[in-house]
Amino acid sequence: MTRPYRVALCGYYGFGNLGDELLAASLVEACVGEGIPRREIALLSASPEVSGRSLSVTAVPRWNLGAVFSLLRMSDTLLLGGGGLFQDTTSVRSCAWYWGVVRLALLAGARPWAVGQSVGPFSTWRGEWFAKNALSACAALGVRDLRSRELLAQWNKQSILTPDPVFSLPFPEERAGRLPSGPLLVNVRPWPGDLSDRTAVEASRLAERAGVPLKGVALAEEDLRLMEDQAKRGILSVSEILLLTEENWREEEVRTMASAAGAVSMRFHFALLALRAGLPLTLSAYDPKVESLAREWSLPSWSGEGELPSPVSPERGRAVSERDRFLRGFGSLLKSVLPAVNKKEMVLP
């Protein structure tokens, strides 16, 4: 029996966080690049109408388990698509939910696989158990950092290490030289403790020392609200705060990033946008995945103690190499799950 969908994508999609929406977009494009038509790609989303319209794919509500199960019965595979889906830093519920979707996929006959994952950290045995059980059921595994690969190896699971899928999105056209007097960009996200406020204070001081304006960049509404509050409290000295969305990020990647002097980032995917633009970058490491990114790119990583280091320029041309490396890894993973990309060549059980 032929199923209408080759891939059902599952991630933290439809919640208004640009980083996760970029993951969805990059994985849809990667599937299309491997010969899978958009009509054979589906996606679970908290905002299915928005996601479906934006990506031109079928989207179903992730909270409607009946709709999710029906979709999985019509799909050859379930793709756990990028990001830190399995971690319990804020709650074990995330691990439990994605574990549940994997179990539904197995019941529905859809082969689970994963791409671009950061696994952990875990503070509870339940969170780790959900992650280990779900990922052990995957036919193929791709991770985006060495720490995750080592953890999976401890669980006796092989994985392919690739860059983050967002590197594979089309790059903007190069602009004329960067302006040394352009703004320093800063992204601050909510996080338990005082790292968010410390980042705001130190980024303001760094911009003042450099003699450049400071511009806030939010990837989600919660970032915007936090930075607006920090500005009101006088700890974030920004000239303006820009909210990046699915609608404006490509334009702003050209306009805002190209004219900036550098960037300070808490969010992982704002850091990736800065790297794509070749911006000098400092990372405020709220999470091990951010520390891993800084280490991998030889960039300054700051955990809230002492003075915030000045941004350092990334290796020239590396972002393009990361795109190519991801696409090669994705193609290898896909072919191990779906050996024949052309559906007419497939023989399903």
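Taking every DSSP bridge with both residues inside the chain, close to 5 percent are antiparallel.
Overall, region 216-257 carries a charge dipole of about 260 debye about its Cα centre when +1 sits on the Cβ of Lys and Arg and -1 on the Cβ of Asp and Glu, all other atoms neutral. With contacts taken as Cα pairs under 8 Å and at least 6 residues apart, region 184-302 reaches a relative contact order of 25 percent. The mean sequence separation of alpha-carbon pairs under 8 Å and at least six residues apart, normalised by the residue count of the chain, gives a relative contact order of 15 percent.
Evaluated with a Cβ-only charge set (Lys, Arg +1; Asp, Glu -1), region 184-302 carries a dipole of roughly 340 debye about its Cα centre, given to the nearest 20. Against the longest alpha carbon principal axis of the chain, how many degrees, from 0 to 90 and to the nearest 10, is the axis of helix 195-210 turned? Computed tilt is about 50 degrees.
The slack between Glu307 and Arg225, meaning 0.36 nm per residue of separation minus the straight C-alpha distance, is 27.0 nm. Between the listed residues Tyr286, Ala46, Pro172, the Cα displaced farthest toward the positive end of the dipole of the chain, a dipole computed from Cβ unit charges relative to the Cα centre, is found at Ala46. Within the shell defined by Cβ-Cβ distances under 12 Å, the residues around Ser298 carry a net charge of 0, with Lys and Arg each +1 and Asp and Glu each -1. Assuming charge only on the beta carbon of Lys and Arg (+1) and of Asp and Glu (-1), the dipole of the chain about its Cα centre is about 1100 debye to the nearest 20. Between Val337, Val290, Val102, the GNM of the chain built on Cα springs shorter than 10 angstrom shows Val337 fluctuating the most. GNM on the chain, alpha-carbon springs under 10 angstrom: the most fluctuating residue among Arg189, Arg316, Arg147 is Arg316. When each of the peptides 295-301, 67-73, 260-266 is scored by how many other beta carbons lie within 10 Å of its residues on average, the order from highest to lowest is 260-266, 67-73, 295-301.
The angle between the Cα long axis of helix 288-297 and the longest principal axis of the Cα atoms of the chain comes to about 70 degrees, rounded to the nearest 10. Relative to the longest principal axis of the Cα atoms of the chain, helix 93-108 runs at roughly 20 degrees.
From the largest down, region 184-302 spans 34, 30, 29 angstrom on the principal axes of its Cα atoms. Sorting the Cα pairs of region 35-177 by distance into bins of 5 Å, from 0 upward, gives 2, 10, 17, 20, 20, 15, 9, 4, 2, 1, 0 percent per bin. Close amide H partners of Ala218, meaning residues 5 or more places away or on another chain with modelled amide H under 5 Å apart, are Leu242, Leu243, Leu244. Using the Cα coordinates of the chain, the gyration tensor eigenvalues translate into equivalent-ellipsoid semi-axes of 35, 21, 19 Å, sorted from longest to shortest. Around Thr58, with a cut-off of 12 angstrom between Cβ atoms, what is the net charge of the other residues, counting Lys and Arg +1 and Asp and Glu -1? Result for the local shell: +2.
Distance between Cα centroids, region 286-300 to region 1-70: provide it in whole Å. Between the Cα centre of region 286-300 and that of region 1-70, the gap is 29 Å.
Neighbours of Leu327 by Cβ distance under 11 Å: Lys/Arg scored +1, Asp/Glu scored -1, total -1.
Here, each number is a calculation from the coordinates, and none is a lab measurement. For clarity, every value in this text was computed on a predicted model and none was experimentally measured. When we count neighbours, we look across all protein chains shown, and the Cβ atoms used for this are built from the backbone with ideal geometry, even at glycine.
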